[in-house]
Amino acid sequence: MYISDDIFYIGVNDHRIDLFEGQYPVPHGMSYNSYVIMDEKIAVMDTVDAGFTEEWLLKLSSVLSGRKPDYLVIQHMEPDHSAGIAIFMEAYPDTCVVSSAPAFTMMKQFFGSDFNTNRMVIREGDTLGLGRHELTFVAAPMVHWPEVMVTYDACDQILFSADGFGKFGALDEEEAWTDGARRYYFGIVGRFGMQVQNLLKKASGLTIQKICPLHGPVLSENLACYLSLYNTWSSYQPEEKGITIAYASVYGNTRKAAELLADILEKKGRKNVVLMDLARTDLSFCLENAFRYDKLVLASITYNAGIFPYMDNFLRLLKEHNYQNRTIAFMENGCWAPTAAKGMMEILKDCKNLTFVENTVTIRSAVNEDTMKKIEALAEELAE
Ligand code: FEO
């Protein structure tokens, strides 16, 4: 992968992984990116996950061609990027570790050493001259941990963006950037919209030709498009018009109501109507669609005088991720005392700027003629 005449990619692809960060299915694998800047001084940008440090060190050695690195820049201490620090320092003990103060605290916690005999503690705006390249460090706290710094190389106009602009998926898999990047964003960084907005404001003052993230491809074309998507996502605005219908059903009656609603909406010409079975779809995909579109229908059975556990989990995930600025509708089912709509509203009531539609569909056990009229009324309201 060409980045520039003297910046080289030494990242790795992980096809063994089942759950990224212990929870996100990654059917297309994952990449852990790392880069080397070969200048008068040599800087290595981040390390890789523990399972791939040997492969990474071999790639590094090949690029170095007998030279020794001067700096190891650590932008983010999450182990998918930092696990190789100790083994790197054993191989290249004279290297200076360059990172933020909170990152060195974490190094002590992870490795029992904060490399205090050979380190450089950097702060917002600090620079590191390598010769032709000069790196400027930009604080990006909570994108995605508090110690994160991103790095700008004014020479080649490259932004090393840490987790920002990353995506799920190994680099040798064919997948559109948005498909892996949107779910990655909302699952991992989405809760920190304000901090991403702060970073975007800082980035807007830079001329950027390429973005080199720690996951996913190097971005070198249509950067305005990626920046615009990040602005939309981090300001919690819907990306496009559409309706996610998320349902939790036990015997299929609530599912049938959700499917009937989807059919009517599609017959009315609504695009992007997406049905999601909360019990059988990983919630990261449901979260992605809930944020992608402007309307969300929540359909749940009543369970133990509350809502079904899969719906409960989903709603708490939405709330935890600062879900806002959307239109919400409820469908509830109950054989003797349907209360799911009230329970769902209770969880979402503190979310900012949610509009709740007037029509709530209450199903008594199974869809009947009367319920069909309510579903049609809801479809009418949602299609407006
Ligand atoms: Fe890819 Fe927050 O680590």
Residues within the stretch 84-122 that are out of contact with any Leu (no Cβ under 9 Å at 6 or more places or on another chain) and either farther than 17 Å from residue 43 by Cα or within 16 Å of the ligand (Cβ to nearest atom) (or both), tallied:
17
The stretch 1-25, residues that are closer than 29 Å to residue 208 by Cα and either aliphatic (A, V, I, L, M) or in contact with a helix residue (DSSP H, G or I) (Cβ under 6 Å, 6 or more places away or on another chain) (or both):
1, 3, 7, 8, 10, 12
Just to be sure I understand the filter: pairs with C-beta atoms under 8 Å, separated by 6 or more residues or on different chains, first member in the stretch 304-331 and closer than 12 Å to residue 191 by Cβ, second member in a helix (DSSP H, G or I) and of a type in the set (Val, Ile, Thr). Which pairs pass?
319/347
Of the residues in the stretch 110-164, how many are in contact with a Lys or Arg (Cβ under 8 Å, 6 or more places away or on another chain), surrounded by fewer than 15 Cβ atoms within 10 Å (Cβ to Cβ) and either under 13 Å from residue 73 (Cα atoms) or not polar (S, T, N, Q) (or both)?
2
Would you confirm whether or not the stretch 177-185 contains a residue that is modelled with pLDDT under 95, closer than 25 Å to residue 200 by Cα and more than 13 Å from the ligand (Cβ to nearest atom)?
yes
Restricting to the stretch 60-78, and then to whatever is within 25 Å of the chain's Cα centre (by Cα) and assigned to a loop (DSSP other than H, G, I, E, B), can you tell me which residue is nearest to the ligand (Cβ to nearest atom)?
78
Just checking, how many residues over the stretch 28-49 are within 16 Å of the ligand (Cβ to nearest atom), in a strand (DSSP E or B) and in contact with an Asp or Glu (Cβ under 8 Å, 6 or more places away or on another chain)?
4
Residue 344 fails exactly one of the following numbered conditions: (1) part of a loop (DSSP other than H, G, I, E, B); (2) buried (at least 18 other Cβ atoms within 10 Å of the Cβ). What is the number of that condition?
(1)
Determine which member of the set 67, 16 is of a type in the set (D, E, K, R) and either in contact with a strand residue (DSSP E or B) (Cβ under 7 Å, 6 or more places away or on another chain) or not assigned by TED's automatic domain parsing to the domain that holds residue 175 (or both).
67
How many residues are out of contact with any Lys or Arg (no Cβ under 6 Å at 6 or more places or on another chain) and in a strand (DSSP E or B) when one looks only at the stretch 289-330?
14
Per the filter on the stretch 71-93, residues in contact (Cβ under 8 Å) with a residue 60 or more places away in the chain and under 16 Å from residue 122 (Cβ atoms) are 73, 75, 76, 77
The stretch 228-281, subset assigned to a loop (DSSP other than H, G, I, E, B) and hydrophobic (A, V, I, L, M, F, W, C), residue surrounded by the fewest Cβ atoms within 10 Å (Cβ to Cβ)
250
The condition from (1) away from the ligand (no atom under 14 Å from the Cβ); (2) touching a strand residue (DSSP E or B) at 6+ places or on another chain (Cβ under 8 Å); (3) under 23 Å from residue 163 (Cβ atoms); (4) not aliphatic (A, V, I, L, M) that residue 81 misses is numbered (1)
Note: among 286, 225, just one is part of a helix (DSSP H, G or I), within 27 Å of residue 192 (Cα to Cα) and in the same structural domain as residue 328 (by TED's automatic domain parsing), namely 286
Under the condition of being in a loop (DSSP other than H, G, I, E, B) and within 16 Å of the ligand (Cβ to nearest atom), which residue from the stretch 11-27 is surrounded by the most Cβ atoms within 10 Å (Cβ to Cβ)?
11
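The values are calculated or read from the model by the stated rules, or taken from the named source; none is laboratory data. Here the structure is a predicted model, which is why all the values come from computation and not from measurement. Cβ: placed from backbone, ideal geometry, glycine included. Neighbour counts: every protein chain shown.
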